[in-house]
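Accompanying notes for the structure given below.
The values are calculated or read from the model by the stated rules, or taken from the named source; none is laboratory data. Note that the structure is a prediction, hence the values are computed from the model and not measured. Glycine also receives a Cβ, built like all others from the backbone with ideal geometry; neighbour counts cover every protein chain displayed. When the accessible area is computed, the model is the full protein with side chains, heavy atoms only, and any ligands, DNA or RNA have been set aside. Shrake-Rupley method; radii C 1.70, N 1.55, O 1.52, S 1.80 Å.
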Amino acid sequence: MAVAGDAAKEYVAGSAAGVAQVVVGHPFDTVKVKLQAHNTTVHGKVYKNAFHCTSRILLEEGIRGLYKGASSSFIGIAVESSLFFGTYSQAKQLLQGSYEVGRPHLQVIIPSAACSGALISCILTPTELTKCRMQVQGKDVIHGARYSSPLDCAVKTLESEGLKGIFRGGLATLFREAIGNAVFFCTYEYSRYWMHNYLDSARFSDSSHFVLAKDIGIGVMSGGISGMAFWTATLPLDVAKTIIQTDPDPHVSRNPLQILGMVYKRAGMGGCYAGLGPTLARAFPANAAAIVAWEYSAKILGIKRG
């Protein structure tokens, strides 16, 4: 029972991390999606840069425009993040075996993170599809149906494209999550380990105030750096996913590599990294908030980690 209780706590802590991530990061994500959808077409660029895109959204739609599709993100991220962090923690415990506890090991981290990422891609695909279709709406939308809510978007997609349509972009999401989360957790575990080794040395104060500031600081830095590493490694796959999910043609290729080849011909390497600015700007604070929320929720719930 104790083991089951600890596992349940890991999923609760993961859910808290996801909510924190959406609150901080969704506006940046909206800008990223609009750049990916509208700056990679044959019609040329709609927005000059991320600042131009943000200002257009604020002028034409207000602050609510930056949070379009957020309701589906909150629902999806609560479940997704719970499974993501919970599954990673459980898989890591199973694979730890004879490896030294408290020290990161690639043989443990990579398969645990990749497995967790592959699992959540099944949840992320439909939630991100509705989110992306809501986000690309606005005065700059060239074509496609208009949706009044994420639920309306999901219903209309199911009516017009069937169950297969709601899972458009699934392969790209699977690749992005499996690869990206292996990069994320390797960066997180090693940066956290090195920072703790340095700051836990005798040269630093061991007062309770310093310990609190140290833990928050390490959480912020390790989470932020890991988030940036994730998106630097996987943004081209995310561009392909956005195009697959927002293209009005139901017969568009769902092969992410084929889509990336098409984007490269149209817009070069810059097109494959469309939305890089707002993505990295979002990655640091959003993932820093997620990691701090995850670590402190774990402490409050009494979960012991190395």
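A few notes on this one:
- For region 13-30, a residue qualifies if it is of a type in the set (Gly, Ala, Ser) and open to solvent by 10 Å² or more (accessible area, probe 1.4 Å), and the qualifying residues are Ser15, Ala16, Ala20.
- Any chance Ala290 is in contact (Cβ under 8 Å) with a residue 60 or more places away in the chain and either more than 30 Å from Asp6 (Cα to Cα) or among the hydrophobic types (A, V, I, L, M, F, W, C) (or both): yes
- Taking the listed residues Asn255, Asn287, the one that is at pLDDT 90 or above and open to solvent by 50 Å² or more (accessible area, probe 1.4 Å) is Asn255, with no other qualifying.
- Residues being of a type outside the set (Phe, Trp, Tyr), open to solvent by 20 Å² or more (accessible area, probe 1.4 Å) and within 18 Å of the chain's Cα centre (by Cα) - total across region 258-284: 5
- Residue match in region 227-238 (condition: open to solvent by 30 Å² or more (accessible area, probe 1.4 Å) and farther than 22 Å from Ala37 by Cβ): yes
- Entry remark, region 290-305: residues being open to solvent by 30 Å² or more (accessible area, probe 1.4 Å) and in contact with an Asp or Glu (Cβ under 9 Å, 6 or more places away or on another chain) number 7 in total.
- Boolean, Phe175 is touching a helix residue (DSSP H, G or I) at 6+ places or on another chain (Cβ under 8 Å), at pLDDT 90 or above and open to solvent by less than 40 Å² (accessible area, probe 1.4 Å): no
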